1. Condition first: within 15 Å of the chain's Cα centre (by Cα), in contact (Cβ under 8 Å) with a residue 12 or more places away in the chain and outside the structural domain of B:ILE159 (by TED's automatic domain parsing). Can you find one or more residues in segment B:311-319 that meet it?
2. What are the residues in segment A:263-287 that are at the interface with another protein chain (Cβ under 7 Å from one of its Cβ atoms) and hydroxyl-bearing (Ser, Thr, Tyr), if any?
3. State whether the residues of segment B:185-200 include one that is touching a Phe, Trp or Tyr at 6+ places or on another chain (Cβ under 7 Å), aromatic (Phe, Trp, Tyr) and in the same structural domain as B:GLY257 (by TED's automatic domain parsing).
4. What do you reckon, is B:TYR73 within 21 Å of the chain's Cα centre (by Cα), closer than 28 Å to B:GLY263 by Cβ and touching a residue at least 12 places away in the same chain (Cβ under 8 Å)?
5. For A:ARG112, state whether it is closer than 19 Å to A:PRO50 by Cβ and either touching a helix residue (DSSP H, G or I) at 6+ places or on another chain (Cβ under 6 Å) or of a type in the set (Lys, Arg) (or both).
6. Which residues, taken from segment A:299-331, are farther than 16 Å from A:GLY182 by Cβ and touching a Ser or Thr at 6+ places or on another chain (Cβ under 9 Å)?
7. Between residues in segment A:89-100 that are touching a residue at least 12 places away in the same chain (Cβ under 8 Å) and residues that are small (Gly, Ala, Ser) and surrounded by fewer than 19 Cβ atoms within 10 Å (Cβ to Cβ), which pairs lie under 8 Å by C-beta distance while being six or more apart or on different chains?
8. Which of (1) under 18 Å from A:TYR268 (Cα atoms); (2) of a type outside the set (Gly, Ala, Ser); (3) at pLDDT below 95 is the odd one out, the single condition A:LYS39 does not satisfy?
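The values are calculated or read from the model by the stated rules, or taken from the named source; none is laboratory data. Since the structure is predicted, the reported quantities are computational estimates derived from the model, not experimental observations. Neighbour counts run over all protein chains shown; Cβ positions are idealised from the backbone, glycine included.
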Protein chains: 2
Amino acid sequence: MTKLYSALWVTKRLYSGITGKVQAQKYVLTKYFQGEPKKTDFKIVEEELPELKDGEILTEAEYLSVDPYMRAYMIGYKLPTDMIGGQVAKIIASRNEKYPVGRYVTGSFGWRTHTIVNTKKRDPNLPLIILPDMPYPNSLALGVLGMPGNTAYFGLKEICKPKEGETVVITGAAGAVGSHVGQIAKILGCRVIGFAGSQEKCDYLEKELGFDRAFNYKTADIRAALKQGAPDRVDCYFDNVGGEISSTIMSYMNKYGRVAVCGSISSYNDPALPKATIVQPALVFKELKVEGFLVGRWYDRWDEGIEMNLKWLQEGKLKYREKVYHGFENMVDALVGMLRGENTGKAVVKVK
Amino acid sequence: MTKLYSALWVTKRLYSGITGKVQAQKYVLTKYFQGEPKKTDFKIVEEELPELKDGEILTEAEYLSVDPYMRAYMIGYKLPTDMIGGQVAKIIASRNEKYPVGRYVTGSFGWRTHTIVNTKKRDPNLPLIILPDMPYPNSLALGVLGMPGNTAYFGLKEICKPKEGETVVITGAAGAVGSHVGQIAKILGCRVIGFAGSQEKCDYLEKELGFDRAFNYKTADIRAALKQGAPDRVDCYFDNVGGEISSTIMSYMNKYGRVAVCGSISSYNDPALPKATIVQPALVFKELKVEGFLVGRWYDRWDEGIEMNLKWLQEGKLKYREKVYHGFENMVDALVGMLRGENTGKAVVKVK
C-alpha cells in the first residue's frame with residue numbers, strides 16, 4: 001500500500017466509521033501471582049474490536065512496558081482482568097482530528113496489541129500523550145521521557161527535596177527510576193550513592209552515570225558501604241526496594257532526613273510481606289520524614305517532568321540504557337526478567 | 001524559720017553570693033541499660049554545690065519526671081553520666097531577679113535533688129519556665145501542661161494534621177501523651193480509637209476521656225479491632241510504640257494518611273531492634289506520610305502549646321490522671337513501672 005493510498009484508506013475509515021475487522025490480542029490475568037509471575041497465570045485472548053465512535057482512536061502497540069508495580073498491583077483486581085500497563089502505540093484510525101493517523105501516543109492501554117481509546121476521557125493512571133517529533137527511540141516515552149522519568153523527577157524533587165551538597169542514597173539504583181534519580185541528584189549538586197545487584201551495574205553507575213559510589217547489595221556489608229560511601233551520612237534516601245537494606249539506610253541518616261518510598265520490589269514476590277528491623281527509632285531520633293508516593297499525584301504537572309528530562313537528555317546530562325525484549329508472546333518473560341534485575345535501565349518489549 | 005526571716009536570709013544569700021553548703025544528690029548512670037533498667041545501672045552520688053554566680057539560681061526538686069524516652073536515649077551518652085530528665089523545682093536561692101526565690105520552675109535538670117541553673121543559657125532540650133499561679137498540682141508542668149502535653153499538641157496538630165470527621169488511631173493510648181492526643185483529636189471532631197495494655201485502661205479511655213473505642217492490644221486481634229473500631233479506615237496514626245501493631249495499623253490506612261511517630265516503646269527494652277512486617281508497600285500504595293519528631297522542634301512555640309492545653313483543661317475538655325511514685329530513692333522503680341505500663345496518664349515521682 002502506498003503512503004497516499006494508506007492515507008486515503010484511513011481517511012475513509014475515519015469518516016465512514018468503518019474500522020474493518022481488527023483483531024486485538026490481549027493478556028488476561030486469570031490467577032493471582034504466587035511468587036514469580038508465570039505464563040500460566042495468564043491467557044492470551046483474541047478480541048474483535050468494534051467500530052470507532054466519535055472521539056475515539058484505534059491504536060497499534062509498538063512498545064509495551066514492564067514495570068515493578070505490575071507485580072504488586074494485580075492483587076487489587078477481581079479476576080479475570082485485562083493486564084495493566086503503559087504502551088507506545090501508533091494511531092491507525094481516528095475519529096478525533098487532534099489525534100491524526102500515523103502519530104504515536106503513550107497511554108495505559110494494558111498488555112494488548114490494538115486498543116480503542118476514548119480521547120475525551122481522562123485516564124486516571126497515565127495521561128494520553130501524543131509523542132513529539134524527537135531524535136530518540138519511541139520507547140523512551142515509556143522510560144526517561146515517560147512514567148519512570150517523571151517518577152524520578154517528581155519523587156526526588158518533591159519528596160526528597162535534596163539540597164546542593166547533600167548525600168542521596170538510592171536502592172534499585174540501576175533500574176529505570178533509580179538510574180534516573182541518581183543523575184538528577186548529580187545535576188542538583190549532591191553526593192550520590194547507589195545500591196544495585198551486580199558489579200557490572202555498579203560499574204555502569206560509577207563510570208557512565210557519574211554516581212560517586214555504587215555497591216553491590218548482594219555482596220556488600222550495607223553499613224560498611226554506607227560508612228565508606230557516605231562519610232557525611234545520608235540526607236535523602238530514594239527507596240525502590242524496601243526490606244532490611246532500607247532499615248539499615250534509615251538508621252544511617254542525618255537529622256531531618258527525607259525518604260521517598262517509590263516501591264518495595266524486594267517484597268513483591270513474597271507470598272506474605274517480609275519482616276525487617278523496625279524503623280521507628282531512627283524516625284524519632286533523627287526526626288525523619290518518610291513518604292510513599294505514586295507518580296499520578298503529579299498528573300497535572302506531567303509536562304513539566306517530561307520537558308525537564310528532555311532538556312537534560314538534549315544537554316547530555318542524562319543518559320539512559322534500555323533492555324529491549326522482543327515479541328508480544330514474551331511479555332511474561334520480560335516481566336520476570338525485569339523483576340529478577342536482568343535489566344540495566346528501562347525494560348520494554350518491542351511488540352513486533 | 002518564719003517566712004520573713006526566710007526571705008531575708010535568701011536575700012542575703014542572693015546579694016552576698018553565699019549559698020551555704022548545699023549537698024545535692026544525683027543519679028549517675030554507670031552501666032548502659034540491658035533489658036529493663038536496674039538500680040545497679042546507677043549510683044547515687046552526693047555533690048557539694050558551688051556558690052551561685054550572676055544569673056544563676058539554686059533549685060530544689062519537688063517532682064521528677066519518668067518518661068519513655070529515658071530508656072532509649074542514654075545509649076547516646078558516654079558513661080558515667082548524670083541521668084537526664086525534666087523536673088519541677090522550687091527556687092531556693094537566686095541571682096536573677098526575674099527568677100525570685102519561692103517560685104517554681106520546670107527544666108531538664110536531670111535526676112537530682114538540687115540544681116544550679118544558669119538562667120541566661122538556653123537549654124536545648126526544654127525551656128526553663130516559671131510556673132504560673134494555677135489551681136492545679138505543680139506536677140502537671142511535667143504532664144498535661146509540660147513536655148508530654150506539648151508533644152501531644154504539636155505532634156497531632158503539626159504532623160498528623162487531622163481534619164474534622166477523620167479517624168485517628170493512637171497506640172500507647174493510656175499514657176501521658178496518648179491519652180492527651182486522643183482528647184485533642186476529639187476536641188477537633190475526629191473519631192478516636194485507642195490501643196492500651198489493659199481492660200481497665202480501655203474503660204478509662206472510653207468512659208472518662210470519650211474515646212470512641214479502645215482495645216487491649218494484649219488480647220485483641222488488631223486487624224479485627226480496626227475493622228470494628230474504624231469502619232472508614234484510618235486517616236491519622238499517632239504511634240507511641242512501633243513494632244508489629246504499627247505495621248498492621250499502617251496497612252489499614254486511607255490514601256494520603258499521616259503517621260506521627262512519637263516513640264517506639266515496644267522496642268526500648270530489647271537488646272537489638274526487633275523486626276516487624278515492612279511498611280513500604282502500604283506507604284507506596286496509600287501514599288502515606290510518616291514522620292518522626294522530637295517535641296523540641298517547637299521550642300519557639302512552647303507557650304502556644306501550654307496555653308492551649310491550659311485553656312482546654314480549664315474548660316473541662318481535657319482530663320488527666322497521674323501515677324505518683326514517692327521518694328528520690330525510688331526513681332528506677334518508677335521508670336521501670338512506667339515502661340511496664342503501670343501508669344494511666346503521666347508517671348511522676350514526688351521527691352519528698
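1. No, segment B:311-319 has no match at all.
2. A:SER264, A:SER267, A:THR277
3. yes
4. Taking the combined requirement at face value, the residue does not satisfy it.
5. Yes, satisfied.
6. A:GLY305, A:GLU322, A:LYS323, A:VAL324, A:PHE328
7. Cβ pairs passing all conditions: A:LYS90/A:GLY102; A:ILE91/A:GLY102; A:ARG95/A:GLY17; A:ARG95/A:GLY55; A:ASN96/A:GLY55.
8. The one condition A:LYS39 does not meet is (3).
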